[in-house]
Every structure is written in C-alpha cells, then in structure tokens.
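To keep things clear, I will list the structure first and then write my remarks on it.
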Amino acid sequence: MAKSSRQKAKLLYLQKILFELTDENHGITINEMINELEKYGIKSERKSLYDDLKILENFGMDICKTKSNTVKYYLASRDFEVPELKMLVDAIQSARFISSKKSLALIKKLEGLVSKYDGSQLQEHVHIVNRVKTYNEKIYYNIDTVTNAIEADRQITFKYFRWKIDCANGCTVKKEERHAGKLYKVSPWALNWSDENYYLIAFDSESNMVKHYRIDKMEHIEISDDLRDGKSQYEQFDISNYNKYIFSMFGGEVADVKLSVDDEYIGVLADKFGENIFIVKNGEHTFCVTVRVMLSPKFYAWIFSMGDKIEILSPENAVNEYKNTVKQVLKLYE
C-alpha cells in the first residue's frame, strides 16, 4: 500500500485499534496510538490524532478518556455488551443443530465484537467438548436454501432420514432414508428453533397438513418451480402456541387435557405453558388446569417425570393411553 493510501486509511486503523485494544478497564495513550499505527505503516503526530479522535466521536464512537499520570482513551460502549455476548455464546453452545466446528467459528466471530481483553473472558466461557452436537455441516446450506425458497414463494423437495441400528458387522447406528428414499415435497413457511434443534414448518399438500421436519435430518434440498400452497392453513397456524403444546417436536393428536397438579409444581406448568394459564383450586394442596397439548410418548414421559404430583383427568383417551404406557413400562420390571 502506498504511503498516501496508508494515510487515507489512518482513521480506519485508529478505529480498529480502539475497538480491539481498549475497553472500560483498558485505555491507550496518544503515544501508544502512534506506536500501534506505525505497525500498520502509518506515521502520525499527536496534534493530528486529537483531530482524528474528534472525527471518530462525531461519527458516533463513544470515546472516553481517563486522567491519572497520563491521559488514556478507550471505547466506552459497543453494539453488544459482554453479558449479552455470553448469553449468545451459551445459546450457540447449547444448540444441537450447530456442529462443534461451526460453534467455535461463530463464537470466535462474537469475540471480535469486543476488545481482546473481554474476548478472552468469552473464551473462558466456552465449553464445547463432550456436548451433543450435530455432525451435519451442511445444515447452514439447508437453512439458506429453505430461506431462499420461502422468499421466492416456491416449494422444496428433499430426502429425510432417521437413525437405525445396523448389526450386520457389530451393532452401530447408521442413517436410513425414510419413505424408502422417496423425495418429500412440501411448501416451506417458517423456521423454528425448539428443544435445541432447528425445524422447518411446512405444508404437506398430500396429507393437507402443516408438519415439521428437523433441518439437520434433511438432505439434497432443491427448490421446485411450483408455487407454495397451504397459505390459508398456515395463517391459522400459531407457531408460538405450537411451541407450547408440542413436546420435543413429537406430533400427535391435539387435545385439551385437564390436569390435577400438586401446588408445588405450578412452576413447572408455568415454565412450559406460560404464566397466564388458568388455574382452579380443586383440593387443599392441588389445583386444576386445562392445557392444549399434542398427545405423544414425549408428553406422557413429561407427565411421568412428576410422579404422583400430577394426574390426567380428561379426556378419557389420554387417561387410557397413559395407563397403557405405564403398564408397558412396568412389564419390563416384572
């Protein structure tokens, strides 16, 4: 880069230095700025730096200074504060649909939003090892393709797989294409993050239903020339309520289930269904609540996790299904 070009880039490099090397606990003097700029081949003088700092302040950078034995300058505020970034790091770490490799890459990018000192704090917050993560690095391309299809108002085709035990040469878990490898064709409407996984919410014309599919289990996604359908069905679909009444994205019959619950477990229901659930006292230490859920093995497992502190009162088919589920489990231990 020619000398004149370097001088033209001086403000950009000064911004970079303040961004990377300063924060509320770490300032930098004018002489240190001069030395840092020289590393980029840029000569500068004290007087010009004062003018440059003023320009950056007018541009919107929150540059403050501390006075002790020497005057030090630092960037006082940024788009993201460290606690906010720590929450994002936790979200990335806990998301199963993001591979370990991609998780580390994303967290590295987040570190670039703060000073190197605060960045080291984020790095200490990283615990990826031994977490359950997807192996599928193509999930990001899947998300991109699905998003493009939604924007273009087009249907998509894809293959969908599940895990299967293969004991041909020692028992291992392997992928198996569902529907004997037949292509799925659906109208994509939304992407939804639930239970640490990413899902596609789509309309299936063949069954005339809104369904969900795990993005990391979709392969060979292609955008069709056919326009999406199921708009009216999707408009009646409330994705926020869907997340409340579905359990681990297991589908099933939707039903209004009446429960009798011990007082001490009200927090469990509020966490799952929201704090505005309608509660009626039905005993000295119990309350009654009606919630809309999808009846599925995961729902019954959730009920079982609370032992004798919760009882399904209705509908009758839910009561009977739960009884049969418990009986089948008991048979294993007889």
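Rounded to the nearest 10 degrees, the angle from helix 316-331 to the longest Cα principal axis of the chain is 90 degrees.
Tilt of helix 139-152 relative to the longest C-alpha principal axis of the chain, in degrees (0 to 90, nearest 10)? The answer is roughly 80 degrees.
Take the Cα of residue 211, step 7 Å toward its Cβ, do the same at residue 253, and the gap between the two points is 2.0 nm. The residues of the chain expose on average 60 square angstrom of accessible surface per residue, using a 1.4 Å probe on protein heavy atoms.
Accessible surface comparison of 179, 26, probe 1.4 Å, protein chains only, largest first: the order is 179, 26. Here the calculated FRET efficiency for residue 62 and residue 235, from their Cβ-Cβ distance with R0 = 35 Å, stands at 0.20, rounded to the nearest 0.05.
Based solely on its DSSP helices, what 222 nm [θ] is calculated for the chain when runs of n ≥ 4 H residues each add -39,500 (n - 2.57) and the sum is averaged over all residues, nearest 500 deg cm²/dmol?
-12000 deg cm²/dmol
The simple spin-label model puts a point 7 Å past each Cα toward its Cβ; for residue 71 and residue 281 those points are separated by 6.8 nm.
Expressed as a whole percent, the accessible surface of the chain that belongs to carbon and sulfur atoms is 51, based on a 1.4 Å probe.
Inter-label distance, residue 290 to residue 190: 2.5 nm, where each label sits 7 Å from its Cα along the C-beta direction. Could you tell me which label, among [x] 28.1, 87; [y] 28.4, 96; [z] 22.3, 67, carries the value of Rg and Dmax of the Cα atoms in Å calculated for this structure? It is the one labelled [x].
When 303, 34 are compared by accessible area at a 1.4 angstrom probe, the order from most to least is 34, 303.
Between helix 82-94 and the chain there is an angle of about 40 degrees, using the helix long axis and the longest principal axis of the Cα atoms.
The values are calculated or read from the model by the stated rules, or taken from the named source; none is laboratory data. Values in this document were obtained by computation on a predicted structure and should not be read as measured data. Backbone-built Cβ (ideal geometry, glycine too); neighbour counts: all protein chains shown. Accessible surface areas use protein heavy atoms only, side chains included; no ligands, DNA or RNA. Shrake-Rupley method; radii C 1.70, N 1.55, O 1.52, S 1.80 Å.
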